[in-house]
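First up is the structure itself, then whatever we jot down about it.
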Amino acid sequence: MDELFAPWRIEWVKRDSPADADGCPFCSIPEAADARDVLVVARSEHSYLLLNNSPYNPGHVMAIPYRHVTEYPELTDEELLDQARLVQRAIEGMRQAMNPDGFNTGCNLGRDGGGSIDHLHRHVVPRWAGDTNFMAVIDETKVIVQALEETYDVLTAALADLPDGRREDEHVYFSFV
Ligand SMILES: [Zn+2]
């Protein structure tokens, strides 16, 4: 793949977020009453997993600390471990649900690094050989919305089926004990 970090150039469509125009969507999204509305697929103690509403591929998620951190070195040991385990969890869930051939995972740090939202987040993008993009050939908006809802259901179910997974009010909670 030529452009390793291209998959997450478009990070989040802010108009779909519950945040005010000037607010940070990644701070307000986990506070929403309905996880499905805002596409939160899983939560851990210090971070949450958000389905990207402008995905490079179906299943494209971001592991986001609840705390508004902009610099990677600012993350505490606990937050680092928690976020890393959430990424592991996302990969496991996607393997079960979507059978990808590979993954890209990484962060865009700072505007020159491609980041459009400064609240630190780590992308996890499932990849398939050839990455056949069916969305391009049909009505784009409609298909993306349907694909997001379908992906949300498939992924939350897979995450709930993993060891320690459980469903509760449409969130998938798990603990790292
Ligand atoms: Zn924030």
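Could you grab me the full set of residues in the range 62-100 that are surrounded by 15 or more Cβ atoms within 10 Å (Cβ to Cβ) and touching a Gly at 6+ places or on another chain (Cβ under 9 Å)?
Selection gives ARG89, ALA90, GLY93, MET94, ALA97, MET98, PRO100.
Within the set of pairs 6+ apart or on separate chains, which have a first residue in the range 43-59 that is farther than 18 Å from PRO100 by Cα, a second that is of a type in the set (Val, Ile, Thr) and assigned to a loop (DSSP other than H, G, I, E, B), and C-beta atoms under 9 Å apart?
Taking only residues 6 or more apart or on different chains, the pairs are HIS46/THR76; ASN53/VAL13; SER54/ILE10; SER54/VAL13.
If you scan the range 1-58, which residues turn out to be touching a helix residue (DSSP H, G or I) at 6+ places or on another chain (Cβ under 8 Å), at pLDDT 85 or above, within 16 Å of the ligand (Cβ to nearest atom) and hydrophobic (A, V, I, L, M, F, W, C)?
Matches in the range 1-58: ILE29, ALA32, VAL38, VAL40, LEU49, LEU50.
Take the range 67-93 and flag every residue that is of a type outside the set (Asp, Glu), within 14 Å of ARG122 (Cβ to Cβ) and in contact (Cβ under 8 Å) with a residue 24 or more places away in the chain.
Those that are of a type outside the set (Asp, Glu), within 14 Å of ARG122 (Cβ to Cβ) and in contact (Cβ under 8 Å) with a residue 24 or more places away in the chain: VAL69, THR70, TYR72, LEU75, LEU81, GLN83, ARG85, LEU86, VAL87, ARG89, ALA90, ILE91.
With the range 70-177 as the region, which strands (runs of 3 or more DSSP E) entirely inside it contain at least 1 residues that are more than 16 Å from the ligand (Cβ to nearest atom) and modelled with pLDDT of 90 or more?
Correct list: 102-106, 122-127.
The values are calculated or read from the model by the stated rules, or taken from the named source; none is laboratory data. All values derive from a computational prediction rather than experimental measurement. Positions of Cβ are backbone-derived with ideal geometry, glycine not excepted, and every protein chain shown enters the neighbour counts.
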